[in-house]
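The values are calculated or read from the model by the stated rules, or taken from the named source; none is laboratory data. Keep in mind it's a predicted model, so treat the numbers as computed, not measured. Counting neighbours? That spans all protein chains shown, and the Cβs are built from the backbone with ideal geometry, glycine included.
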Amino acid sequence: MDDRARESVDRENDTMSNRVATSATAEHNSREELLIDELRKRTAELEEANRELRRVSHYRSLFLARMSHELRTPLTSILGFTEILLDQEELTDTQRRFCQKVQDSGLQLQASLNQLVDLSRIEAGHTEVFVQEFSIRETLRESCAA
């Protein structure tokens, strides 16, 4: 094969190589664009899901605040009346014991409501958390007694 023929074959090979490289680059760019589009779509979906979660969390907090208020009002009344009853000297031992159970249960419910409100405040970033030791045995005893 003479030099001219060899140069012609080399040019054809270079042209083929360039076409293959161009095709591979175009394919790569196309895949890359598809991946970027998919990433944008997923990012938009996640942003929407986050907005929905914030909205639901807001309404849950409002619900907890209102419900705790609605429950506290009659509970305060119950606790007040049990205290008045317990101050009476004419109660029998059985009546006194029952009134004490009502009061203990009411105080336990009040503590639970306060914990719910505290939890809502913590989630909203409006309060600090304080670590406090307590007796699990005493807590369980009080819960079971109620």
Of all residues in region 38-74 being of a type in the set (Asp, Glu) and within 22 Å of the chain's Cα centre (by Cα), the one that is nearest to GLN110 (Cα to Cα): GLU52
Residue within region 62-77 that is at pLDDT 75 or above and touching a Gly at 6+ places or on another chain (Cβ under 7 Å) present: yes
Those residues of region 107-146 which are exposed (fewer than 13 other Cβ atoms within 10 Å of the Cβ), more than 30 Å from LEU62 (Cβ to Cβ) and touching a residue at least 12 places away in the same chain (Cβ under 8 Å), in sequence order: ALA145
Residue in region 122-139 that is modelled with the highest pLDDT, counting only those that are touching a helix residue (DSSP H, G or I) at 6+ places or on another chain (Cβ under 9 Å) and of a type outside the set (Val, Ile, Thr): SER135
Flag if ASP104 is in contact (Cβ under 8 Å) with a residue 12 or more places away in the chain, within 18 Å of LEU71 (Cα to Cα) and surrounded by 10 or more Cβ atoms within 10 Å (Cβ to Cβ): yes
